[in-house]
Amino acid sequence: MGNSIVVDRAMQALTAAMNGLSLRQQAITHNVANADTPGYKAVDVSFEGQLQQALEGRQDNHLQLARTHAGHLAAPAKQFAAQTVRRSNTTMRNDGNNVDIDLEMSRLAETTLRYNALTLLTSKKLGLIKNVITGSRR
């Protein structure tokens, strides 16, 4: 990792988690939109295991970020890809659809809460960095 105060391990983890949660939210909205589509199988986004491995240093795959300007920060990034998986462990209706609206709405609420918490953490961290740079005191 680079020695930047902006692009550190915590910020990369926050960014990766927020990206994964954003993809999960998209998957949930697709599930809800297709709740009445015959044969539709619900999908979910899995990323927590990969994120945990990356944080523990058990992934050796590095993807170098492109520097398009000499003033840009250089930092390696972990190759991290959230995976979309079909949900097959739920009961299907007679039309082959397995979307459970109650489950989807509770997952949406949980995902939104987690995303909001990570947004708050990111905002606090960037605020601390701003205070360090500007020398502000409260």
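Rule-based calculations on the coordinates, nothing more; no lab input. Since we're looking at a predicted model, the values are computed, not measured. Backbone-built Cβ (ideal geometry, glycine too); neighbour counts: all protein chains shown.
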**Study point:** 3J(HN,Hα) from dihedral phi, the range 38-45, Karplus parametrisation 6.51/-1.76/1.60, rounded to Hz, x for glycine, proline
**Key:** x, x, 6, 10, 4, 10, 9, 10
Point to revise | Ser22 paired with Ile101, simple spin-label distance in nm, labels 7 Å along Cα-to-beta-carbon | key: 2.9 nm
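Excluding Lys41 itself, what net charge comes from residues whose Cβ is under 15 Å from its Cβ, given Lys and Arg +1 and Asp and Glu -1?
Net of charged neighbours comes to -2.
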Review point. Roughly speaking, what is the stretch gain from Ser88 to Thr122, that is 0.36 nm per residue apart minus the C-alpha to C-alpha distance, in nm to one decimal?
Key: 8.8 nm
